[in-house]
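Bear in mind that the values in this text are calculations on the coordinates, not laboratory data. Here the structure is a predicted model, which is why all the values come from computation and not from measurement. Note that we place each Cβ from the backbone using ideal geometry, even for glycine, and neighbour counts take in every protein chain shown.
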Amino acid sequence: MLVDPKFPTTERFVSEVRAAASAVGQQLIVLDVSSDSEIETAFTTLVQRGAGALHVGVGILSWGQERIVALAARHRIPAIYVLREAAAAGGLMSYGASITDAYRQVGVYAGRILKGEKPGDLPVMLPTKFDLVINLKTAKELSLDIPPGVLAIADEVIE
């Protein structure tokens, strides 16, 4: 897993992924990547340690998405991202909060504020809709078969 140690939710994110990996008997390698120059080194470590898959944290995608997608393809490492844009750029898949739904909620909140509600009185909203996006072209390049049941539940399949 690649994470940006400076990103505000990284510690919690790592803790939750570590618990999930442990629950299914998987070893988790966590690599801190806080600049573009550290991405190549992280991939070298992943390859040397025989990583079978990669999970990319959200903070990194704001500055290193294209390079990570390209390196994952070059090293033939299946990768999952939290942003749909990474799957659209050639990543294997993404699963994360629906940005479209979040923007809709922003519009609802803006409307409430314009009608006179105080921003401080509005509740903090957490995402309620998550999107699974699968890039079949990338799966084929990695010689991976995505089960029909997984394709059936995907919100979007990129061919």
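Observations, loosely collected:
- Couplings 3J(HN,Hα) for the range 35-51, derived from phi with the Karplus relation 6.51 cos²θ - 1.76 cosθ + 1.60 (θ = phi - 60°), are 8, 4, 5, 8, 5, 4, 4, 4, 5, 4, 5, 4, 5, 4, 8, x, 4 Hz, where x marks Gly and Pro.
- Averaging over all projection directions, the Cα-based convex hull of the range 1-129 occupies 9.1 nm² in the image plane.
- Rounded to 0.05, the FRET efficiency of the D32 and D101 pair, given R0 = 25 Å and the Cβ-Cβ distance, is 0.25.
- Size of electric dipole in the range 82-159: Cβ of Lys, Arg +1 and of Asp, Glu -1, about Cα centre, debye, nearest 20: 320 debye
- Between the C-alpha center of the range 119-139 and that of the range 87-113 there is a gap of 5 Å.
- Note on the chain: GNM, Cα springs under 10 Å; of A86, A97, A19, the largest mean-square fluctuation is that of A19.
- Candidates Y109, G96, N135 compared by Cα position along the dipole of the range 54-140: farthest toward the positive end lies N135, with charges placed on Cβ.
- Our coupling estimate for the range 98-113, obtained by passing each phi through the Karplus curve with A = 6.51, B = -1.76, C = 1.60 and θ = phi - 60°, is 5, 5, 4, 5, 5, 5, 4, 5, 4, x, 4, 5, 4, x, 5, 5 Hz, Gly and Pro reported as x.
- Length gained when the stretch A53-T41 is fully extended (0.36 nm per residue, less Cα-Cα span): 2.7 nm
- Angle of helix 10-23 to the longest C-alpha principal axis of the chain, folded into 0 to 90 degrees and rounded to 10: 60°.
- At most 13 other Cβ within 10 Å, DSSP loop - trypsin sites (Lys or Arg not before Pro), the range 31-113: R49, R76
- Simple rule: put +1 on each Lys or Arg Cβ and -1 on each Asp or Glu Cβ in the chain, find the dipole, and look at S22, I153, G120; the Cα lying farthest toward the positive end is G120.
- Assuming charge only on the beta carbon of Lys and Arg (+1) and of Asp and Glu (-1), the dipole of the chain about its Cα centre is about 160 debye to the nearest 20.
- For K140, K115, order by how many other beta-carbon atoms lie within 10 Å, fewest first: K115, K140
- The aspartates and glutamates whose alpha-carbon is closer than 15 Å to the alpha-carbon of K129, local same-chain residues fewer than 8 away aside, are D101, D155, E156.
- Under 5 Å between amide hydrogens, built in the peptide plane, is the criterion, and for L132 it picks out D155, E156 among residues at least 5 positions away or on other chains.
- For the range 146-159, 3J(HN,Hα) per residue [Karplus equation, 6.51 cos²θ - 1.76 cosθ + 1.60, θ = phi - 60°, Hz, x = Gly/Pro]: 8, x, x, x, 6, 4, 5, 8, 5, 6, 8, 10, 8, 10
- Coarse-grained scattering of the range 78-159 at q = 0.14, 0.16, 0.19, 0.21 Å⁻¹, given as base-10 log I(q)/I(0) from a Debye sum over alpha-carbon atoms: -0.56, -0.65, -0.78, -0.88
- Set of the range 31-51 residues, backbone N closer than 19 Å to the point 7 Å along the Cα-Cβ line of R76: 43-51
- Theoretical ellipticity at 222 nm over the chain - DSSP helices of four or more residues, -39500 (n - 2.57) apiece, nearest 500: -14000 deg cm²/dmol
- V124, V3, V30 arranged by Cβ crowding within 10 Å, fewest neighbours leading: V124, V30, V3
- Estimated D of the range 26-89 in µm² per second, where Rh is the Kirkwood radius over Cα pairs and Stokes-Einstein applies at 37 °C, 0.692 mPa s: 277 µm²/s
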